[in-house]
1. What is the one condition in (1) in contact (Cβ under 8 Å) with a residue 60 or more places away in the chain; (2) part of a helix (DSSP H, G or I); (3) within 12 Å of ligand 3 (Cβ to nearest atom) that residue 302 does not satisfy?
2. Checking residue 162 against (1) within 21 Å of residue 184 (Cβ to Cβ); (2) in contact (Cβ under 8 Å) with a residue 12 or more places away in the chain; (3) over 18 Å from the mean Cα position of the chain (by Cα), only one condition comes out false. Which one?
3. Using the structure shown, decide if residue 309 is at pLDDT 95 or above, assigned to a strand (DSSP E or B) and either out of contact with any helix residue (DSSP H, G or I) (no Cβ under 6 Å at 6 or more places or on another chain) or within 16 Å of ligand 1 (Cβ to nearest atom) (or both).
4. Residues of the stretch 124-146 being more than 19 Å from residue 38 (Cβ to Cβ) and within 12 Å of ligand 1 (Cβ to nearest atom), which ones?
5. Out of 272, 296, 317, which single residue is surrounded by 14 or more Cβ atoms within 10 Å (Cβ to Cβ) and either at pLDDT below 95 or in contact with a helix residue (DSSP H, G or I) (Cβ under 6 Å, 6 or more places away or on another chain) (or both)?
6. Tell me, which strands (runs of 3 or more DSSP E) lie completely within the stretch 40-153 with 3 or more residues that are touching a residue at least 40 places away in the same chain (Cβ under 8 Å) and buried (at least 18 other Cβ atoms within 10 Å of the Cβ)?
7. Checking residue 113 against (1) on the phi > 0 side of the Ramachandran plot; (2) over 17 Å from the mean Cα position of the chain (by Cα), which test does it fail?
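The values are calculated or read from the model by the stated rules, or taken from the named source; none is laboratory data. Note that the structure is a prediction, hence the values are computed from the model and not measured. As a convention, Cβ positions derive from the backbone with ideal geometry for all residues, glycine included, and neighbour counts pool all protein chains shown.
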Ligand code: SAM
Ligand code: SF4
Ligand code: SF4
């Protein structure tokens, strides 16, 4: 039987963090235009010929898995618009080192793809849903398709996914009046809700600190509604802090903006064109596609990855928090110049 375990104790970054989880972006394209992620009219896309084939993506994931990565989250852009995604899921799921294979999706195409993804071996689904009001959804995403997302959640659960989660980015003056409604919806649907603080990532060109609803504020609102809200003890590596309501309902808050968790960050990101980023906020990535396509051996790719991670000292969200004046991370011109800086390219 395969011995998996703890990544080698020597394989740590400069802040002593192991490499355990990977966000794999399978496309930079998206069928929504969320205000906090893709607010512009026009975008510069990754050239199609540079997008990794399924085989290329899966072979890189195999190398990462040998180095200790056991959690993969498929993301984008919108991952469900990638053709043959189920085939990629199948390739990754057959690697016994991968213990957790999840997807984050906006849910629009989930109703038609949930069963194939479940059958292919996907473990978990997270659906991004920021509002329960169809008109608000349309204003927020520029598409009138709220009902499709709800159908997608139903279909995922019907297909067999037990652990469906709902991620909601909370923005002041946009949907901060829906905290309780979203929690109630999650409770009815038996899906854990995670509230995400609005982050000043690349692409969030309308971001400002005033629009951020902090974890402390969210807890205040929920305590007023439900009474005691208790923290749940955690393993320490997950981005969401979990809380429990008096009736046992569990929910999460991802407080990356006001309470960053870089010290325990075991995540990195691989874009659809094979650029490897050591931090969500990193300005530069490591090109794995070029050596892969030039015929680099597995040992050579492994050395490149080990050198990258062992030299890592990134703590982007903490550094952002230390700034006295905090404004958008990258200007629209900067994003046009290098679309890798976009959240929809890098994956959330
Ligand atoms: N399209 C898929 C989706 O929306 O679920 C996957 C990619 S999306 C970039 C991944 C996650 O990032 C989503 O949950 C989205 O809400 C979140 N996100 C995007 N921009 C954000 C921002 N400025 N602040 C906080 N979360 C953000
Ligand atoms: Fe919205 Fe996700 Fe698309 Fe960004 S990538 S615009 S968060 S659906
Ligand atoms: Fe990890 Fe960078 Fe996010 Fe900090 S900002 S938690 S180091 S990805």
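1. Tallying (1) in contact (Cβ under 8 Å) with a residue 60 or more places away in the chain; (2) part of a helix (DSSP H, G or I); (3) within 12 Å of ligand 3 (Cβ to nearest atom), residue 302 fails exactly one: (3).
2. Every condition holds for residue 162 apart from (2).
3. Here the answer is no, as residue 309 does not meet what is asked.
4. In the first step, residues of the stretch 124-146 are kept if they are more than 19 Å from residue 38 (Cβ to Cβ); the result is 124-125, 132-135.
The one that is more than 19 Å from residue 38 (Cβ to Cβ) and within 12 Å of ligand 1 (Cβ to nearest atom): 125.
5. 317
6. 71-75, 124-128
7. Only one criterion is unmet by residue 113, namely (1).
Residue by residue, here is whether (1) within 16 Å of ligand 2 (Cβ to nearest atom); (2) in contact with a helix residue (DSSP H, G or I) (Cβ under 6 Å, 6 or more places away or on another chain); (3) modelled with pLDDT under 95 holds:
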| site | (1), (2), (3) |
| --- | --- |
| 78 | yes, no, no |
| 81 | yes, no, no |
| 90 | no, yes, no |
| 105 | yes, yes, no |
| 123 | no, no, no |
| 127 | yes, yes, no |
| 133 | no, no, no |
